[in-house]
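**Q** I have a structure I would like to understand better, so I am pasting it below and will then ask my questions one at a time.
The values are calculated or read from the model by the stated rules, or taken from the named source; none is laboratory data. Note that the structure is predicted; figures quoted are calculated from it, not measured. Note: ideal-geometry Cβ built from the backbone for every residue, glycine included; neighbour counts use all protein chains shown.
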């Protein structure tokens, strides 16, 4: 019988405490992050890194797994996508295993312990060890749990290797099935089939449809394990045929075409949902990034859930994947010596058959960078990854700071990032000495990956011309200077790959705001990203869209320092541009503005009167800036190519807000039970104009087969609890996260605010 997979999402109960009583358990639905509903506390341990939420403690999860029949000569596995962190698992009262590192997927053979009928699963999650991660890590059973049933003769998908290449006009698929039995391989959508026994199969597809981020064509590969013509196991993979080359001094080539990586770094939390994020939530985020022209993702700095990589395969993103951040310091120091190979296995063996993975990351901004102790570890990691996958390059993301040997044990340092970043007597400031350290690292990796070092690319390349450079982290708006790392220069780091063929791309830190890694209380996360936690774009997102996207676009913003500080760490910040035309404190005054566009020029109209801004190519970051006289009314920015209008953006001064309006209205959703959906409501005036400055309290209700999970307004300075049905608007909008219960029918979501007509949207569940 082919394999059977059952996802275990229902029937779980949760309690917190060293030895909780049976009465203290409450029902929860997976995925679950217990920390996201904890109150904010300025004085909580490691509060800045954890978003001032108390994620410390011991949590317990239990459920009863019903098994109707236990089949002879079958194997049973409990599969976990990730448990944060340090888990211990019991089945039927017997300890069966666990995992220390909270980001790694793992599975346990429970064939002996599993019985017909009821099986009690008990999981202990120990989040008491310090330090926590440098960003919000959450806590709990936050990813999928599954029961896998297979024949005793079965494929181990982690030992299965699929490689693709191009030969003449054919796509060649090489398969190492990891078993010695007879195997049948089928490419379903090409009607190609092959059988073989032991070790190796090779299929050819004439004139294949190639995979790239620009055209993510996928094939369905089905493998069947055969015994006496009986199918003992069957496994299906979505594969892509593509060829990626790193050509010195020329760039990165995909299927023979040069590609520039237009990327963002991402953390795994999704605002109000914490780390218990579901596939549909990430799909919406990735769709927004894709529409902007983004083609590259760096999931930072750990293994993401498998569904995230599925989406990247299907939607088309080049992925830089890494298993861990630091090595012998920070959170991972307590696991490195014993578990680094195990955690690399979890990443590489799971994802080496995916087309989206274009490079492996061996680490990020580690301790003792460029010193012998670090280089020895880097060599071991790179060598080990190459034994698991010899088809992709390997790199390491370098911190811009280098230090000489100090004799300090980095594992004893309380704040490792301060230790790494802050200048002291051991810091290296001379560029030649720094490049000598970089050379030692580059000798061990295939691509030079630099965090915040674009001002030194030409010098680095001059010394190491045979290696390409990737900006693995760059500032969203500002650039440094050869004599100063953080210089507030407005030459955008994201334009650098268009200037130098040896630079293959830039990856923004970060695409979305995330919790933790706060610069200052009361901000509960990193706020200098392109997009807020509730999917609201900043002006920086539109700037990147003007670089990345060929579809004509234009976006007008004003510079408004009357707005509240968002607590952004300075060099990840940008001027306070906002999309509105509403200055109630002014009558007649000159205001600064900015326009992002990929058009040749822009015509600017204020209440019908034309103004003539300079062309975008005049500016070093291609963002038009200038001044314009304020008078209430309408501003229109018209994008022109060859003198012809190709796009337009309009902002209007609103009257008094009178109604609430949802962005999504009357949508049909095909979903299973538990599907989650983020809805945003806006304050509008009688003419439908956004009331940007509105901050009224909005309450939400749901009728029908749905429920409210959380609320959000995108403001990380806001301390209203997420697990509420009400929240104040921020910049004229508020969002609600609902879960659909899976029953067919109509879900009605209502929004109420004093003095406003209610807003309503309907979700039809098919």
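**Q** Restricting attention to region 620-635, and to residues there that are farther than 19 Å from residue 585 by Cα and free of Cβ contacts under 8 Å to residues at least 60 places away in the same chain, which single residue is surrounded by the most Cβ atoms within 10 Å (Cβ to Cβ)?
**A** Per the criteria, the residue is 624.
Yes/no matrix, rows are residues, columns are (1) under 24 Å from the mean Cα position of the chain (by Cα); (2) touching a residue at least 60 places away in the same chain (Cβ under 8 Å):
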| residue | (1), (2) |
| --- | --- |
| 3 | no, yes |
| 10 | no, no |
| 14 | no, yes |
| 25 | no, no |
| 30 | yes, yes |
| 49 | yes, yes |
| 52 | yes, yes |
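**Q** Return yes when residue 288 is touching a residue at least 24 places away in the same chain (Cβ under 8 Å) and crowded, with 24+ Cβ neighbours inside 10 Å and no when it is not.
**A** no
**Q** Here is a follow-up. If only one of 729, 717 is out of contact with any strand residue (DSSP E or B) (no Cβ under 8 Å at 6 or more places or on another chain), within 22 Å of residue 568 (Cα to Cα) and in contact (Cβ under 8 Å) with a residue 24 or more places away in the chain, which one is it?
**A** 717
**Q** Of the residues 340, 327, only one is buried (at least 24 other Cβ atoms within 10 Å of the Cβ) and touching a helix residue (DSSP H, G or I) at 6+ places or on another chain (Cβ under 8 Å); which?
**A** 327
**Q** Pull up region 456-466, narrow it to residues that are surrounded by fewer than 21 Cβ atoms within 10 Å (Cβ to Cβ) and touching a strand residue (DSSP E or B) at 6+ places or on another chain (Cβ under 7 Å), then point me to the one that is farthest from residue 623 (Cα to Cα).
**A** 464
**Q** What helices (runs of 4 or more DSSP H) lie completely within region 252-369 and have 3 or more residues being under 17 Å from residue 82 (Cβ atoms) and more than 14 Å from the chain's Cα centre (by Cα)?
**A** 333-351
Residues are listed down the side, and each one gets a yes or a no for (1) outside the structural domain of residue 605 (by TED's automatic domain parsing); (2) surrounded by 17 or more Cβ atoms within 10 Å (Cβ to Cβ); (3) closer than 22 Å to residue 295 by Cα:
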site	(1), (2), (3)
528	yes, yes, yes
541	yes, yes, yes
554	no, yes, yes
558	no, yes, no
570	no, no, no
574	no, yes, no
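**Q** Then there is this: Can you name every residue in region 179-200 that is surrounded by 15 or more Cβ atoms within 10 Å (Cβ to Cβ) and under 19 Å from residue 349 (Cα atoms)?
**A** 179
**Q** Here are some residues: 386, 392. Which one is at pLDDT 95 or above and in a loop (DSSP other than H, G, I, E, B)?
**A** Just one listed residue meets the conditions, 392.
**Q** For region 180-197, name all the residues that are out of contact with any strand residue (DSSP E or B) (no Cβ under 7 Å at 6 or more places or on another chain), within 18 Å of residue 230 (Cβ to Cβ) and either at pLDDT below 75 or not assigned by TED's automatic domain parsing to the domain that holds residue 233 (or both).
**A** Of everything in region 180-197, nothing turns out to be out of contact with any strand residue (DSSP E or B) (no Cβ under 7 Å at 6 or more places or on another chain), within 18 Å of residue 230 (Cβ to Cβ) and either at pLDDT below 75 or not assigned by TED's automatic domain parsing to the domain that holds residue 233 (or both).
**Q** Let me ask something else. Is it the case that residue 639 is under 30 Å from residue 585 (Cβ atoms), part of a strand (DSSP E or B), outside the structural domain of residue 687 (by TED's automatic domain parsing) and at pLDDT 95 or above?
**A** Considered against the rule, which asks whether it is under 30 Å from residue 585 (Cβ atoms), part of a strand (DSSP E or B), outside the structural domain of residue 687 (by TED's automatic domain parsing) and at pLDDT 95 or above, residue 639 comes out as no.
**Q** Regarding region 221-235, can at least one residue be identified that is assigned to a loop (DSSP other than H, G, I, E, B), in contact (Cβ under 8 Å) with a residue 60 or more places away in the chain and either surrounded by 21 or more Cβ atoms within 10 Å (Cβ to Cβ) or touching a strand residue (DSSP E or B) at 6+ places or on another chain (Cβ under 9 Å) (or both)?
**A** Within region 221-235, not a single residue is assigned to a loop (DSSP other than H, G, I, E, B), in contact (Cβ under 8 Å) with a residue 60 or more places away in the chain and either surrounded by 21 or more Cβ atoms within 10 Å (Cβ to Cβ) or touching a strand residue (DSSP E or B) at 6+ places or on another chain (Cβ under 9 Å) (or both).
**Q** Now, a different point. Would you check if there is a residue in region 573-584 being under 27 Å from residue 717 (Cα atoms), touching a residue at least 60 places away in the same chain (Cβ under 8 Å) and outside any loop (DSSP other than H, G, I, E, B)?
**A** yes
**Q** Could I ask something else about it? Of everything in region 108-142 that's farther than 23 Å from residue 330 by Cα and surrounded by 19 or more Cβ atoms within 10 Å (Cβ to Cβ), which residue is nearest to the chain's Cα centre (by Cα)?
**A** Across region 108-142, the extreme among qualifying residues is 123.
**Q** Taking the criterion of being touching a residue at least 24 places away in the same chain (Cβ under 8 Å), closer than 24 Å to residue 280 by Cβ, in contact with a helix residue (DSSP H, G or I) (Cβ under 7 Å, 6 or more places away or on another chain) and part of a loop (DSSP other than H, G, I, E, B), would at least one residue in region 514-521 satisfy it?
**A** No, that holds for no residue.
**Q** Select from region 585-611 the residues that are at pLDDT 95 or above and out of contact with any strand residue (DSSP E or B) (no Cβ under 7 Å at 6 or more places or on another chain) and write down the one among them that is surrounded by the fewest Cβ atoms within 10 Å (Cβ to Cβ).
**A** Step by step, filter region 585-611, then rank; the result is 608.
Here's the yes/no breakdown for (1) crowded, with 23+ Cβ neighbours inside 10 Å; (2) modelled with pLDDT of 95 or more:
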{"residue": "674", "(1), (2)": "no, no"}
{"residue": "680", "(1), (2)": "no, yes"}
{"residue": "683", "(1), (2)": "yes, yes"}
{"residue": "691", "(1), (2)": "yes, yes"}
{"residue": "708", "(1), (2)": "no, yes"}
{"residue": "712", "(1), (2)": "yes, yes"}
{"residue": "715", "(1), (2)": "yes, yes"}
{"residue": "720", "(1), (2)": "no, yes"}
{"residue": "735", "(1), (2)": "yes, yes"}
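**Q** Just give me the residues in region 717-744 being part of a strand (DSSP E or B), closer than 23 Å to residue 10 by Cα and more than 23 Å from the chain's Cα centre (by Cα), in sequence order.
**A** Hit for region 717-744 is 740, nothing else.
**Q** Considering only region 434-451, how many residues are over 14 Å from residue 400 (Cβ atoms) and in a helix (DSSP H, G or I)?
**A** Qualifying residue count for the region: 4.
**Q** Take the conditions surrounded by fewer than 24 Cβ atoms within 10 Å (Cβ to Cβ) and within 30 Å of residue 52 (Cα to Cα) and apply them to residue 522. Does it pass?
**A** yes
**Q** Looking at region 412-420, is at least one residue more than 25 Å from the chain's Cα centre (by Cα), touching a residue at least 12 places away in the same chain (Cβ under 8 Å) and in a helix (DSSP H, G or I)?
**A** Checked region 412-420: at least one residue is more than 25 Å from the chain's Cα centre (by Cα), touching a residue at least 12 places away in the same chain (Cβ under 8 Å) and in a helix (DSSP H, G or I).
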